[in-house]
Amino acid sequence: MKLGNLIIAGLTTGSIYAVFAVCVSVWYRVSNILNLAVGDFAMAGALGVDNLYRVKSWPLPAAIAATLAVVIVFAYLYDLVVLRLAQDGPRRQEGIVITFFFTFALSFFIDGVAKILFGTDVHAAPALWNGGSLTVASSLHIERAGVLVLACALIIGSAFWLYIRYTLGGKAMEACGENPLGARIAGIDTRRYRRHIFVGTAVIAAVFGIVESPITGFTYLSGATISLTGFIAAAYGGFRKPGRALLAGLAIGILEALLGGYVSAEYGDTVLYAILAALVLGWPRAMGFESAVSG
Amino acid sequence: MNPVNPAAPGSPAAPGSPAGSATRAGSATPAAPALAVRGLSVAYGDMVAVHDATFSIAAGEACAITGPNGNGKSSLLMGIAGLIRRRGRVEIFGAVAPSGDVRWAARHGLTLVPERRQLYPGLSALDNIMLGCYCWTSSLRRARNSRPFGTAIDLFPELKGQLRQQAGTLSGGQQQMVAIMRGLASDPKILAVDEPCLGLAEAVARRVYAALAEIHEAGTTLIVVEEAPKRALTICNRRVEVRNGVVLDTP
Amino acid sequence: MKALRSTGLVVVAGVVVVLVFGQQYAGSVFVLAVCYAIVTAGMAVQLGFSQQIVFSQCVFMGAGAYGVALLNTHFSMPSLLATPVVMVGCGVAALLLGSVVTRASGLALAVATLMLPLIATGYVSSAGYLGGSVGAPLTGNLWNGSSTESVAIGNGLITVAFLAVAVFVAVRILSSDIGLELYALGADERTAAAMGIRTPRRKLELFVLGSVFAAVGGAAYAGTQLFVPATLVDPTAELALLIMLFVGGRRSVLGAVVGAVVIQYLYGASSWVSVNILIIEGILLTVVLLVDPEGLAGILASLLRRLGASTHATPATGVPATTPVVVATPRAIPSAPFDPPAPSAPADPDHTLLTCAGLGKEYGGLTVLDDVTLALPARGLFGLCGPNGAGKSTLLNIIGGSVAPSRGRVLLDGADVTRLPPQLRFGLGVSRTFQTVHLIRDRSVLDNVAVACLTSHRSSIVSRIARSALAQARASAADTLDRLGMAAMSGRDVSSLTLESQRMVELARAIAARPRLLLLDEPASGLSEQQRHRLGELLREFGDMTCVLLVEHDLDLVAQVSQRIFVLAGGRLVFDAGPAEFRVSPLVNSLLIGEFAPRRPLGG
């Protein structure tokens, strides 16, 4: 069934957008910084594992562990040095124009490093679950890697939701983004939460990159496109609502698949962007914009 | 040291008496004042907001910090609470506060209810109050079942119906009440309130002061920062005046 | 004059480099950089100065480049002639596109325009006549000289000329009175509208300006590089433009130019650099932003300021830390009798200025205002009180125009203004202050007040290339500050003032507009007793000249100064009488002063 398969394909890519959108949203809520480098962390994860496993012949678990370790250390250091200076140093930076550009510069940096380390070709991490696509209900096909992506999305999403809803630490994390001064008054270490979430976001992105790269393949520039779509989906969630960002990501994925399948493979994406633009212009409030960042 | 101690004595301690400080295990001296400030200075760049402030407040007292606006009262309080950089020495019940740590004061018995409340607008009022417990526990369940939390919720029973509402949608007076409840949930030995009635209607301001008086009567040391001394002095027995960043102690 | 200085600098530097380096590598990189600089100059005006986050410059640069290429290849039009043709074409396209796009603001605007490079890339790479995903070649240089040397120099001089014009136009606009409008627009769109700035129109003008600049840059690009790559309309091209803008200085036209030159030279500097260009750009942008968010221009400006300060030994705005000092409260309350500027038309106390008829407002299911009717004459001071959440601010917003009522009408001088936007009401003489201070940071008190004195609202941006009435606006503002006894702080940066001083500046701004109806939202909040007393005197004087509606919690103040007081409770008007009745009314007493809940002992 064509429609069903398109929707499943859409859900798969959509869940990738959704995850990145959620990462951007959550990180923004806690720190008031828009992380445009999520896609690049994903790319780094995928290409890193590929490089260690395929080129240097490391065993797969070691390759994954090492790559994630490098991502963690790097993200930690970046927050420690750059973001701390940007937000807490003598010259406090505020406003969307600035929050944007630090991670924007970071994404350039990561892409540049990736280009040197991994070259310019398309690569992918090895599939974690080998085999052809699965067949469900006799006519719906779904890639195994796609199942993994959805499963990961579900697990991480639920874990995060539970954390926010049912632990004091989760609420404290939200407080950091709602009112940093108020949070500090309550004894919350805003800097530490921010750092942990930044690192967490980077690792989650890397994991997703590893899991989903067998489907699409990555080059050193792919990160930018994913970051962009994640950013867009997060914007549709108003940046502060990960739930809406998730739904927005899924919707964009499905819409993309449907347009590609029914309208035109060539111009499908173009039509998608035109629709997204029209939605924002026509119904900004419904799309969740007035509640978002102000300049 | 865990500041969650069993119930404080029911009657307010007379100024200077050691009764109030006996509740804190292991305090330095038998007569350690609740708050001792020596040579505190706060500067914003070139502008000195507070200059060499020295005073102390005994346990169980209710002290009003007054003075014209823009003269350093809030800066003084923020400096004591460790929320902005300061020079000088601050002791809470004899323990010296390290100057860099913004969380130290909250964890050692001094809770600030800041000017303009500083609530978390997107979270519910209940969550706001619950986060007051953050400085002494990391478990949501313990916080919810604790005595300080219960006491805080009971302080303004008229708000019980609105607790699930987002804090940002509450009126100014209600927000002030939530801010005080949040402060109380941290089970403070010293509650410092900065301009509790800013922008509030008369009736609400009176209600807030009534609640502050209750808190003081239960044994908590109270510090109230107010521009107009009239209202603060209805519940305070001590007054510290701040003019031009300089503290003038008045008995 | 600033514009001539900047333009002169560009011309001299440009001509020198072109003539000295000619067709050498350094020269050709410079010419390429100049093409980009034309684009970034426009971005400095639109993105940096006016904070309109728009991502469509690369699309218009591409449009300009492709336009020239097509005209040249298919119609044999010389590139130099094709440039103005393309400019006009893109201008029209920008006008059409912009009128749709600029309906949005802030983030919505950013996301909508973010789609444009994506759409353009998709279209261009599949469009055969544009050369598909490779690009369009052309043969027409901007300067059709006989030798490669003369072509290179000719191209260079022409592009420098384009840049010079662009810089001149941009700097003229930014330093004019409309420049102040744009800065206010960028700082806070809603307040700008309340101050009379025609925000939709300005946003459209900015969009067209930025797009036209980009198109010219693109045309120059095509005429000098002789090839239009399809990647010119890519999002990465937009990102590259943003890097140039931010490294150079987003709010400074010259900074934007320098940024383009620096980045382009980096690209071409050495093979090592071009291989590692992404890393270098990433680090460069991060470091520049950390040191100064205003980029290289900002760094240079602070250096110059510090050098200037040390040679002239002028004290900084603060006071040396050796003496204890108040956190700055210059005398904000007049000591001499105040003489407010008269409103433009004489105020007849019998004439009804404002009528609110049956106003109602619902938000979702919540009724905030219910059947509120009142009338105000052209002169007098009126108080509006009520418990929190009674609808006072909503009523003020409806009268001011930033909120539309669900029901009812607002009449000003008998004319129905219910649907009139705030900027047009400002033009009719309605001026207001806000509960939270909404001043423009990083600008002086004088400029903040001058925003209300601007007369340029109806003029178009283009007219500011020729003339500017900024000096007059500043003079009016200085006059108002003088009368209020605030002249001493007129040069100070607004962000360095205390809250009360900022409130006084907001008040000064509202009065400087010579309003017929002055709406004040809790002006006494945060003021000391003494200051309230002075404020009361001030308010009484205003009330003698014009109509003032005062929302306040300080009942004593309201009773002292108002000649009539309205009380709102639960969205309804429950009291409308003079101060004498106000003081004794049992209704008012229970609502506003009231009894409180009986004391309960803290339990355990």
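Screening the stretch B:159-251 for strands (runs of 3 or more DSSP E) wholly inside it with 1 or more residues that are in contact with a helix residue (DSSP H, G or I) (Cβ under 7 Å, 6 or more places away or on another chain) returns the ranges B:190-194, B:221-226, B:238-243.
Of everything in the stretch C:279-294, what is closer than 10 Å to C:Val247 by Cβ and within 7 Å of chain A (Cβ to nearest Cβ)? Give them in sequence order. Walk me through how you get there before you give the answer.
The initial filter retains those residues of the stretch C:279-294 that are closer than 10 Å to C:Val247 by Cβ, namely C:281, C:284-285, C:287-289.
Within the stretch C:279-294, C:Glu281, C:Leu285, C:Leu289 qualify.
Taking helices (runs of 4 or more DSSP H) as the structural unit, those lying wholly within the stretch C:29-131 and holding at least 1 residues that are at the interface with chain A (Cβ under 9 Å from one of its Cβ atoms) correspond to C:79-101, C:106-126. Does C:Ala471 meet the test of being of a type in the set (A, V, I, L, M, F, W, C), outside the structural domain of C:Ala184 (by TED's automatic domain parsing) and part of a loop (DSSP other than H, G, I, E, B)? For C:Ala471, the condition - of a type in the set (A, V, I, L, M, F, W, C), outside the structural domain of C:Ala184 (by TED's automatic domain parsing) and part of a loop (DSSP other than H, G, I, E, B) - is not met. The number of residues in the stretch B:141-162 being more than 18 Å from B:Glu214 (Cα to Cα) and buried (at least 18 other Cβ atoms within 10 Å of the Cβ) comes to 3. Counting only helices (runs of 4 or more DSSP H) that sit wholly inside the stretch C:225-298, those with at least 3 residues that are crowded, with 24+ Cβ neighbours inside 10 Å, assigned by TED's automatic domain parsing to the domain that holds C:Thr121 and among the small types (Gly, Ala, Ser) are C:253-269. For the criterion of being touching a residue at least 40 places away in the same chain (Cβ under 8 Å) and touching a strand residue (DSSP E or B) at 6+ places or on another chain (Cβ under 6 Å), C:Ala37 fails. Only residues that are of a type in the set (Gly, Ala, Ser), out of contact with any Gly (no Cβ under 7 Å at 6 or more places or on another chain), at the interface with chain A (Cβ under 7 Å from one of its Cβ atoms) and not in a helix (DSSP H, G or I) were counted across the stretch B:113-145, and they come to 1.
Against the condition surrounded by fewer than 20 Cβ atoms within 10 Å (Cβ to Cβ), within 14 Å of chain B (Cβ to nearest Cβ) and assigned to a helix (DSSP H, G or I), how does A:Arg184 come out, does it pass? Step through it out loud before you land on a result.
Values: surrounded by fewer than 20 Cβ atoms within 10 Å (Cβ to Cβ): no; within 14 Å of chain B (Cβ to nearest Cβ): yes; assigned to a helix (DSSP H, G or I): yes.
Answer is no for this residue.
Does C:Gly42 fit the bill of being touching a strand residue (DSSP E or B) at 6+ places or on another chain (Cβ under 9 Å), within 29 Å of C:Ser105 (Cβ to Cβ) and surrounded by 24 or more Cβ atoms within 10 Å (Cβ to Cβ)? No. Scan the stretch A:6-36 residue by residue and report those that are in contact with a Leu (Cβ under 6 Å, 6 or more places away or on another chain) and under 14 Å from A:Gly200 (Cβ atoms). If the condition is that a residue be in contact with a Leu (Cβ under 6 Å, 6 or more places away or on another chain) and under 14 Å from A:Gly200 (Cβ atoms), then A:Val22, A:Tyr28 are the ones that fit. The single condition among (1) modelled with pLDDT of 90 or more; (2) crowded, with 18+ Cβ neighbours inside 10 Å; (3) β-branched (Val, Ile, Thr) that C:Val85 does not meet is (2).
A:Ala224 - would you say it is under 14 Å from the mean Cα position of the chain (by Cα) and within 11 Å of another protein chain (Cβ to nearest Cβ)? Yes, satisfied. Cβ-Cβ distances below 7 Å connect no pair with a first residue in the stretch A:160-172 that is at the interface with chain B (Cβ under 7 Å from one of its Cβ atoms) and under 18 Å from A:Ser25 (Cβ atoms), a second residue that is basic (Lys, Arg) and not in a helix (DSSP H, G or I), and a separation of six or more residues or different chains. For the stretch C:124-164, a residue qualifies if it is surrounded by fewer than 15 Cβ atoms within 10 Å (Cβ to Cβ) and either of a type in the set (Phe, Trp, Tyr) or modelled with pLDDT of 90 or more (or both), and exactly one does: C:Tyr129. For the stretch A:260-278, name all the residues that are more than 9 Å from every other protein chain (Cβ to nearest Cβ) and not in a helix (DSSP H, G or I). Within the stretch A:260-278, A:Ser264, A:Ala265 meet the criteria.
When A:Ile96 is tested against (1) within 14 Å of chain C (Cβ to nearest Cβ); (2) modelled with pLDDT of 85 or more, just one condition goes unmet, and that condition is (2). Inspect all residues belonging to the stretch C:174-186 and state whether any of them is away from chain A (no Cβ under 14 Å) and of a type in the set (Phe, Trp, Tyr). No, because not a single residue in the stretch C:174-186 is away from chain A (no Cβ under 14 Å) and of a type in the set (Phe, Trp, Tyr). Checking each residue in the stretch B:49-90 for being within 18 Å of the chain's Cα centre (by Cα), in a strand (DSSP E or B) and either away from chain C (no Cβ under 14 Å) or of a type in the set (Lys, Arg) (or both) picks out B:Phe55, B:Ser56, B:Ile57, B:Ala62, B:Cys63, B:Ala64, B:Ile65, B:Val90. In the condition set (1) under 21 Å from A:Gly187 (Cβ atoms); (2) facing another protein chain (nearest Cβ under 7 Å), B:Glu202 is compliant with all but (1). When the stretch A:70-93 is filtered for residues that are surrounded by 15 or more Cβ atoms within 10 Å (Cβ to Cβ), modelled with pLDDT of 80 or more and facing another protein chain (nearest Cβ under 10 Å), the ones remaining, listed by number, are A:Tyr78, A:Val82.
Looking at the structure I just gave you, is C:Asp479 within 26 Å of C:His553 (Cβ to Cβ) and at pLDDT 85 or above? Answer is no for this residue. A:Gly10 meets the conditions (1) within 13 Å of the chain's Cα centre (by Cα); (2) within 16 Å of A:Leu148 (Cα to Cα) in every case but one. The failed one is (1). Taking the numbered list (1) in contact (Cβ under 8 Å) with a residue 60 or more places away in the chain; (2) surrounded by 20 or more Cβ atoms within 10 Å (Cβ to Cβ); (3) closer than 23 Å to A:Ile185 by Cα in turn, B:Val247 passes all entries but (3). Just one of the listed residues (C:Ala488, C:Ala477) is surrounded by 22 or more Cβ atoms within 10 Å (Cβ to Cβ), assigned to a helix (DSSP H, G or I) and either more than 14 Å from chain B (Cβ to nearest Cβ) or under 23 Å from the mean Cα position of the chain (by Cα) (or both), and it is C:Ala477. Just one of the numbered conditions (1) surrounded by fewer than 21 Cβ atoms within 10 Å (Cβ to Cβ); (2) in contact (Cβ under 8 Å) with a residue 60 or more places away in the chain is not true of A:Gly230: (1).
Each residue in the stretch C:502-545 was checked for being within 29 Å of the chain's Cα centre (by Cα), outside any helix (DSSP H, G or I) and of a type outside the set (A, V, I, L, M, F, W, C), and 8 of them qualify. Each residue in the stretch A:22-60 was checked for being among the acidic types (Asp, Glu) and over 25 Å from A:Arg195 (Cβ atoms), and 1 of them qualify.
The values are calculated or read from the model by the stated rules, or taken from the named source; none is laboratory data. Since the model is a prediction, treat every value here as computed from it, not as a measurement. Neighbour counts run over all protein chains shown; Cβ positions are idealised from the backbone, glycine included.
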